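In what follows, a structure is listed as structure tokens, so that the remarks can point back to it.
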Amino acid sequence: MFFRLSRYFSVESAKYSKIMGKILNVAEKNDAAKSVANLLSGGCMRRRDGFSKFNKIYEFEYNVFNQNYTMIMTSVSGHLLTHEFVGEYKKWLGCSPVSLFDAPLQKMCPENYKDIKRTLEKEVRAADSLVIWTDCDREGENIGCEVIDVCRQVKPNIRVYRARFSEITPQSVSNAVRNLVDPDYLASAAVDVRSELDLRIGAAFTRFQTLRLQKVFPQTLGEQLISYGSCQFPTLGFVVERYKQVQAFIPEPFWKITGTDHPFADTCCVRKRNVWFCELCFALLS
């Protein structure tokens with residue numbers, strides 16, 4: 001009750017006090033943005049559309065840093081940027097697969113996420129600060145840093161903060177706003193390294209084995225892509241292991257005896273692996 005009352009006064013005081021500016025808040029998914037905005041605003045948020053029909057914008061007033069701001073809450077849809085090869089390295093026959101291990105890379109926004117990027121670029125122009133509300137794990141940290149990179153392309157000197165929370169509940173999001181911290185750029189860099197390695201290894205070996213095996217087996221594999229990936233092999237191992245278990249399965253005799261005379265009428269006994277199970281006895285003992 002005390003928390004709800006204090007949150008009510010925080011929102012209400014912001015409504016009738018001087019607004020110092022705008023803060024752009026970005027969550028990892030639209031549902032998260034909507035939930036956080038609803039909790040911080042006490043259900044009094046305003047919704048409007050951005051360039052992406054899947055990522056809405058929620059506005060409300062809130063007291064941050066002991067000053068009243070208009071909070072602009074929106075979201076991305078997971079990773080906003082992806083690593084890609086550039087120039088001749090994008091073409092399969094433009095370079096040797098070995099050269100992909102040290103070929104230049106750059107982070108690009110996929111075409112289907114361009115509208116999300118445009119929304120961020122527009123909203124950050126009017127914002128004084130940026131608060132990242134992505135998930136508090138390494139992947140979320142990396143997604144948050146992608147948002148920071150996009151926003152700083154438009155506004156290089158914008159102040160950036162990180163909201164740390166373990167769940168989307170009134171107490172958790174309120175504590176996150178009161179204790180904003182710096183983003184963890186090292187955790188984000190670790191994700192970038194893994195992503196870059198996955199791309200380089202996957203692309204190099206996929207191109208190498210596809211081109212090689214197409215020459216060796218033109219009739220069978222002439223039009224086939226033979227992909228390689230760091231996650232594919234363990235997954236394929238699980239599939240093969242299960243297949244071998246099915247193939248090695250040895251059927252066993254199975255009997256079912258049903259009683260017909262009282263007091264064993266409708267009593268079912270089942271034999272499984274040399275053990276008899278009687279439903280009636282089980283019911284009595286239970």
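Extents of segment 32-75, taken as max minus min of Cα coordinates on every principal axis and listed largest first, are 34, 17, 15 Å. Checked against a 27 Å cut-off, the cross-linked pairs Lys34/Lys90; Lys56/Lys91; Lys22/Lys53 give Cα-Cα distances beyond that limit for Lys34/Lys90; Lys56/Lys91. Placing unit charges on the Cβ atoms of the charged side chains and taking the dipole of segment 125-254 about its Cα centre, the candidate lying farthest along the positive direction among Thr235, Gln153, Gln219 is Gln219.
Count Lys and Arg as plus one, Asp and Glu as minus one, and take only other residues whose Cβ is under 15 Å from that of Asp198; the net charge is then +1.
The convex hull defined by the C-alpha atoms of segment 73-189 has an orientation-averaged projected area of 8.8 nm². Of the accessible area of segment 115-230, computed with a 1.4 Å probe over protein heavy atoms only, carbon and sulfur atoms account for 50 percent. The order of Ile57, Ile19 by accessible area, most exposed first and with a 1.4 Å probe, is Ile19, Ile57. When the Cα positions of Phe54, Gly78, Trp92 are compared along the charge dipole of segment 44-108, Phe54 comes out farthest toward the positive end, with charges on each C-beta of Lys, Arg, Asp and Glu.
Other residues lying with their Cβ under 11 Å from the Cβ of Ser75 contribute a combined charge of +1, Lys and Arg counting +1, Asp and Glu -1. On full extension, the segment bounded by Arg118 and Gln232 gains 37.6 nm, given 0.36 nm per residue less the C-alpha separation.
Our estimate of slack between Ser166 and Phe101, defined as 0.36 nm per intervening residue step minus the Cα-Cα distance, is 19.6 nm. Straight-line cross-link partners of Lys215 among the aspartates and glutamates, defined as a Cα under 17 Å from its Cα and at least 8 positions apart when in the same chain: Glu223. Note on segment 64-136: along the principal axes its Cα atoms extend 58, 23, 19 Å, ordered by decreasing extent. Summing charges over neighbours of Ala37, with a neighbour being any other residue whose Cβ is under 9 Å away from its Cβ, gives +1 when K and R count +1 and D and E count -1.
The values are calculated or read from the model by the stated rules, or taken from the named source; none is laboratory data. Just so we're clear, the structure is a prediction, and the values are computed from it rather than from any experiment. Cβ coordinates were reconstructed from backbone atoms using ideal geometry, including for glycine residues, and neighbour counts include every protein chain displayed. These area figures cover heavy atoms from the full protein model, side chains too; ligands, DNA and RNA do not enter into them. Shrake-Rupley method; radii C 1.70, N 1.55, O 1.52, S 1.80 Å.
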